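Visitor: What follows is a structure written as structure tokens; I'll ask about it next.
What follows draws every value from the coordinates through simple rules; no lab data is involved. Please read these numbers as outputs of a predicted model, since none were measured by experiment. We place every Cβ from the backbone using ideal geometry, glycine too, and count neighbours over all the protein chains shown.
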Amino acid sequence: MSTIDLPPVFDVFSIGVIIMTISSMLAALWQKYGLRKDPLRDIPGPFLARWTPLWLAWQVRMGRRYLVVHELHKKYGPFVRIAPNHISVAHKDAIPVVYGQGSGAFDKSAYYHAFVSDKASIFSTVDRQDHAHKRRLVSQAFSYKALLSVAPLLHTSLNNFVDKLDEISTREGWIDALSWFNFLAFDILSDLAFGEPIGMVLKESDTVAVMGADGKITQENAIALVDEREHLAAVVGIHPWFKTLSKFLPDPFFIHGHKSSTGLIDLARRRVTKRLDHGSSRDDILNKLIDARMEETGQLTEDQITELIAETVTLLIAGSDTTSNSITAIIHLVMTHPPVYKKLMTELISAIGPDGVPRHENVKDMPYLQAVIDEGLRYYATTAIGLHRAVPRGGAMCLGKFFPEGTEMSVPAYTIQHDATIWRDPENFRPERWLEEKDLGRYLMTFGKGPRQCLGRNLAYIEMQLVITTVLLRYNIELKSSTLETTEGFMHKPLHMMVKLSRRI
């Protein structure tokens, strides 16, 4: 698979960008020439990145951060200064340092404040004790055993998806498979998070009713809400001042992003409130999250309800976005590599048969399928950037260099997953490598590393196994292009994947 990374539409250089430039440069100048000497002065990187976080924010805004950082590491080596107080470290030995466990573990940095709306979620909280408390409440719902109990809900959504694709496969013309994988992922996650699916697959649309700040109900595109909200957060998280300043900027990018954040919170609030008002013992993730809090306090407080809403928004966004983007990229890779397709189909047909909708127990122990998924995640890198961390009190050593307390650091996922010293032939899509070497998973960064790695990993793998198997077994797939065009907000995502489908039998 080859990729072309396209920037979002370029907006006129607004007065807001000028304000952010001046403010961030003043902050950097104060840091550089204020009360202390610059401790990062020997780390190479772009000239502007030394002086202002706006350089990095602009790369994020244009949807190309991971590629720019990747090229910088090729030029400068393992250490690159990508903002006045941010060092990117592209080396496998930095992973256990930056994303390690224990008392000396790095905490999440202030970057994640940008992802907080009403209340911090398990993803966005930066406080270690708060995270431990949230993880205790949330982790049980995402255990493998718990997910097996909700597997029938996944199969219901998958059957609806297959029925609709069977119908669509008889139509003329191209369809955007990415949109349909988005519809399915949203239906699955909304079913688990809210107690009922949004129903995108059945209505062939991602429109949802959202209440704005003015109290008016409007129809919005849910996928666009997620994309705009996550892209905004990825930009304004670069510097603590940007989140506040962005609320006053006339740039449509910021206006739409903040509106999308409000819309997603409203969507979750009304659906969670409906579930609580009507009551239900339905065995889904929301019920497990409610039960965990009820065990703690006996009844839900207003603060806990706000926390529930924050967690369901996180689940909906992270679960739908990561999974649908990954499924799209993996299927594109399989279809553009005929030997991989042939080998995978042999395994699938031998284990399941040529038709029908598989269940989890049919796909959970397929070695080559798992190798294809892991290789697709590595090659494509759905999470392509380095996730931000802050050096703890007392500073820390990394690859022989000392970094003072408060320095922001990250390990760029795309660069690690394309490092020839780890993968030998990283630009080749070769699933067999995962069968030849058993410890490669420590370098796969799709779900993060360390104590803050994604709790939804098991759910994502179950979805990917089921959807990829179902689509490949059931349909002939003709790609319109062998090139997958992509961009980047917070996640690395395809723009579309146009296909023609026909039933294999």
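Visitor: Is the shape of the range 205-338 best called rounded, prolate or oblate, per the rule: a/c under 1.5 gives rounded, else a/b larger than b/c gives prolate, else oblate, with a ≥ b ≥ c the square roots of the Cα gyration tensor eigenvalues? Please list the in-between numbers first.
Guide: Working: a/c = 1.80, a/b = 1.18, b/c = 1.53.
Judged from the Cα gyration tensor, the range 205-338 comes out oblate (a/c at least 1.5, b/c at or above a/b).
Visitor: Work out, step by step, the length gained on full extension between GLU437 and ALA151: first 0.36 nm times the residue separation, then minus their alpha carbon distance; give nm to one decimal.
Guide: Values: separation 286, 0.36 × 286 = 102.96 nm, distance 3.05 nm.
Here the answer is 99.9 nm.
Visitor: Let me ask you something else. How far is it, in nm, from the label point at ASP127 to the one at LYS364 when both lie 7 Å from their Cα along the line to the Cβ?
Guide: Modelled inter-label distance: 3.7 nm.
Visitor: Sort out for me the Cα centre separation of the range 447-505 from the range 295-368, rounded to whole Å.
Guide: Using only Cα atoms, the two centres lie 9 Å from each other.
Visitor: If you place +1 on the Cβ of every Lys and Arg, -1 on the Cβ of every Asp and Glu, and leave all else neutral, what size is the dipole of the chain about its Cα centre, to the nearest 20 Debye?
Guide: Details: 57 positive and 57 negative charges, 262 e Å.
That gives a dipole near 1260 debye.
Visitor: What FRET efficiency would be calculated for the residue pair TRP174, ARG504, taking the C-beta separation as r and a Förster radius of 25 Å, to the nearest 0.05?
Guide: Details: r = 19 Å, r/R0 = 0.75.
Efficiency, rounded to the nearest 0.05: 0.85.
Visitor: Next question. Charges on Cβ only, +1 for Lys and Arg, -1 for Asp and Glu, centred on the Cα centroid of the range 2-503; of ALA233, VAL208, PHE181, which one is farthest towards the dipole's positive end?
Guide: The residue sitting farthest along the positive end of the dipole is ALA233.
Visitor: Which angle from 0 to 90°, rounded to the nearest 10, does the C-alpha axis of helix 144-168 make with the longest principal axis of the chain?
Guide: Around 70 degrees separate the two axes.
Visitor: Under a Cβ-Cβ cut-off of 15 Å, what is the net charge of the residues other than VAL126 that fall near it, where Lys and Arg count +1 and Asp and Glu count -1?
Guide: Charge balance in the 15 Å sphere: +4.
Visitor: Another question about this same structure. Report the net charge of residues surrounding ASP374, where surrounding means a beta-carbon distance below 14 angstrom and charges are Lys +1, Arg +1, Asp -1, Glu -1. Kindly include the intermediate steps, with their values, before the conclusion.
Guide: Working: positive: ARG378, ARG430, ARG433, LYS438, ARG442, ARG457; negative: GLU375, GLU432, GLU436, GLU437, ASP439.
Overall, the nearby charge balance is +1.
Visitor: To continue, here is another question. Over the range 95-144, what relative contact order in percent results from Cα pairs under 8 Å that are six or more residues apart? The partial results should precede the final answer.
Guide: Numbers: 30 pairs, mean separation 12.0, N = 50.
After rounding, I find 24 percent.
Visitor: In the range 261-290, which residues have a backbone nitrogen under 13 Å from the label point lying 7 Å from THR218's Cα in the Cα-to-Cβ direction?
Guide: 261-264
Visitor: Next question, about the same structure. Hey, if you put +1 on the Cβ of every Lys and Arg and -1 on every Asp and Glu Cβ in the range 2-503, which of HIS86, LEU495, THR328 ends up farthest toward the positive end of that dipole?
Guide: Selected residue: HIS86.
Visitor: Between rounded, prolate and oblate, where does the range 35-119 land on the alpha carbon gyration tensor, with a ≥ b ≥ c its root eigenvalues, rounded for a/c under 1.5, else prolate if a/b exceeds b/c? Each step should come with its number before you reach the end.
Guide: Working: a/c = 1.34, a/b = 1.11, b/c = 1.20.
It is rounded, given that a/c, with a ≥ b ≥ c, falls under 1.5.
Visitor: How would the range 34-78 be classified by its alpha-carbon gyration tensor: rounded, prolate or oblate, with rounded meaning a/c under 1.5 and the a/b versus b/c comparison settling the rest? Before the final figure, lay out the partial values.
Guide: Details: a/c = 3.55, a/b = 1.42, b/c = 2.50.
Oblate, because a/c is 1.5 or more while a/b does not exceed b/c.
Visitor: Within 10 Å, count the other beta carbons around each residue, average over each peptide in 447-459, 234-246, and list them highest first. Present the calculation step by step, with values, prior to reporting the outcome.
Guide: On the way: 447-459: 18.8, 234-246: 21.3.
So the peptides 447-459, 234-246, ranked by packing, come out 234-246, 447-459.
Visitor: Output the Cα-based Rg and Dmax of the range 359-464 in Å, rounding Rg to one decimal and Dmax to a whole number.
Guide: 16.1, 51
Visitor: Report, in deg cm²/dmol and to the nearest 500, the calculated mean residue ellipticity at 222 nm for the chain, where each DSSP H run with n ≥ 4 adds -39500 (n - 2.57) and the sum is divided by the residue count. Don't skip to the end; give the middle numbers.
Guide: On the way: 21 runs with 266 residues, N = 505.
So the calculated ellipticity at 222 nm is -16500 deg cm²/dmol.
Visitor: Still on this model: Counting only C-alpha contacts under 8 Å and six or more residues apart, can you give the relative contact order of the chain as a whole percent?
Guide: Working: 806 pairs, mean separation 122.2, N = 505.
Contact order relative to length: 24 percent.
Visitor: Please list, ordered by chain and number, the residues whose modelled amide H lies under 5 Å from the amide H of GLY100; skip anything fewer than 5 residues away on the same chain.
Guide: Under 5 Å from the amide H of GLY100: PHE106.
Visitor: Output the 0 to 90 degree angle, nearest 10, between the alpha-carbon long axis of helix 338-352 and the longest principal axis computed from the alpha carbons of the chain.
Guide: Taking Cα atoms only, the helix is inclined about 50 degrees.
Visitor: While we're here: Calculated from the structure, Rg and Dmax of the Cα atoms in Å equals which of [x] 22.6, 73; [y] 23.9, 80; [z] 22.7, 68?
Guide: The listed entry that was calculated here is [x].
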